[in-house]
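Structure record follows, encoded as structure tokens.
Bear in mind that the values in this text are calculations on the coordinates, not laboratory data. Remember, predicted model here, so these are calculated numbers, not experimental data. Cβ coordinates were reconstructed from backbone atoms using ideal geometry, including for glycine residues, and neighbour counts include every protein chain displayed.
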Amino acid sequence: MSKLSQKHLLGIKNITKADIELIFETAQNFKDVINRPIKKVPSLRDITIANVFFENSTRTRLSFELAEKRLSADVINFSSSSSSVKKGETLLDTVNNILAMKVDMVVMRHSSVGAPHFLAKHIDANIINAGDGTHEHPTQALLDTYSIKEKLGSLQGKKVAIIGDILHSRVALSNIFALQKLGAKVMVCGPPTLLPKYISSLDVKVELDVQKALHWCDVANVLRIQLERQQIKYFPSLREYSIYYGINKKMLDQLKKEIVLMHPGPINRGVELSSDAADSHHSIILDQVENGVAIRMAVLYLLAGATG
């Protein structure tokens, strides 16, 4: 079996184009599996995986859990809201306790940037970053780029606009790295207050006008306004944001071309996307959800192989 170049999946920044292509190829095989009547394979039957979520995320956690069960792994779910972390236990204490249960892999989400990288230095298990702070969310970027490739055949030379709350989004950063590795051109678009200062160093176009971004792109990946990460107000109101940066079907129909519409979910309907846009023929949002399980199965399977 081909292997990934890394023992962990901590971010897209430190994996290769060949790694991404191998994950895509493996995901395609698993996609065939999950569309047949018997959806399970025994690939990870002797592997124990801990889902360690220090931040809430129903969608990502369920997607990983389903991927793990489809591969016949033993699964332990750990959520900090009901754990000793509230009693002052450290990150390393928590994970060492989980490892004492002889866990082979840890899928981890944490509000602190670099938390999975810290773990990877201290413990033997494979670590998969399911989102660290506002830094990276590698499996989301992999499922997004896989979904574009599935729809358009290739990413080489394609124009992808990432629209919305770039500042608080780990999805944006991972997507930029993945898209650039696969030959796509990337633009970010949003209010100036939601664009990070470092964005110009990432070789991406910056656009403040959403209409211009839609005219430029082949694919619009629309991000959620992350109100829970905003300690201060970055724009006057959700209604104002919706007027200037919200996308509706009328705007899509006025373009003289077909574009692909994506969203990592959950959608704030009526804010960044209207319902008629989210549910239109432009949208591949539900394909992203299905592809998320196949991509996560591929990552788990390949990392388990990397330790063998």
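When +1 charges are put on Lys and Arg Cβ atoms and -1 charges on Asp and Glu Cβ atoms, the dipole computed for the stretch 138-288 relative to its Cα centre reaches about 260 debye. In the calculated pair-distance distribution of the stretch 138-288, the portion above 19 angstrom amounts to 47 percent of the Cα-Cα pairs. Whole angstrom only: what separates the Cα centroid of the stretch 150-184 from the Cα centroid of the stretch 264-308? Each part reduced to its Cα centre gives a spacing of 14 Å.
In summary, the helical segments of the chain meeting the span-like criteria, namely a full DSSP H run, a Cα extent along the axis of 27 angstrom or more and a mean Kyte-Doolittle hydropathy of at least -1.0, are 285-306.
Which one, Q254, Q140, Q156, has the greatest fluctuation when you compute a Gaussian network model over the chain with C-alpha springs under 10 angstrom? Ranking Q254, Q140, Q156 by mean-square fluctuation puts Q254 first.
Once the C-beta distance of S72 and M101 is scaled by a Förster radius of 30 Å, the resulting FRET efficiency is 0.95 to the nearest 0.05. Sparse packing (at most 14 other Cβ atoms within 10 Å of the Cβ) combined with a DSSP loop state is found for the following trypsin sites (Lys or Arg not before Pro) in the stretch 97-137: K102. Sparsely packed loop sites in the stretch 252-308 (the GluC sites (Glu not before Pro) outside DSSP H, G, I, E and B with at most 11 other Cβ atoms within 10 Å) comprise E258. The trypsin sites (Lys or Arg not before Pro) of the stretch 212-290 meeting both criteria, a DSSP state outside H, G, I, E and B (loop) and at most 14 other C-beta atoms within 10 angstrom of the site's C-beta, are K233, K256, K257.
For every helix of n ≥ 4 consecutive DSSP H residues, a contribution of -39,500 (n - 2.57) applies; sum these over the chain, divide by its total residues, and give [θ] at 222 nm rounded to the nearest 500 deg cm²/dmol.
Mean residue ellipticity, 222 nm, calculated: -12000 deg cm²/dmol.
Assuming charge only on the beta carbon of Lys and Arg (+1) and of Asp and Glu (-1), the dipole of the chain about its Cα centre is about 180 debye to the nearest 20.
For the stretch 90-121 and the stretch 196-218, what is the centre-to-centre distance using only Cα atoms, to the nearest Å? One Cα centre to the other: 35 Å. Have a look at the DSSP beta bridges in the chain and tell me what percent are antiparallel, nearest 5. Of those bridges, close to 5 percent are antiparallel.
Across the stretch 138-288, C-alpha contacts under 8 Å between residues 6 or more apart give a mean separation that, scaled by the residue count, equals a relative contact order of 24 percent. With both labels modelled 7 Å from their Cα along Cα-to-Cβ, the Q156 to D93 distance reads 5.4 nm.
Taking 0.36 nm per residue of separation and subtracting the current Cα-Cα distance, fully stretching the chain between T16 and R269 would add 87.5 nm. Given their separation in residues at 0.36 nm each and the Cα-Cα distance between them, D32 and R239 gain 70.3 nm when the chain is fully extended.
For the pair D124 and K212, a Förster radius of 45 Å applied to the C-beta separation gives a FRET efficiency near 0.35, rounded to the nearest 0.05. Look at the alpha carbon pairs under 8 Å that are at least 6 residues apart: their mean separation over the length of the chain gives a relative contact order of 21 percent. Within the straight-line cut-off of under 18 Å between alpha carbons, the lysines reachable from K205 are K158, K159, K181, K185, K197, sequence neighbours fewer than 8 places apart in one chain being disregarded.
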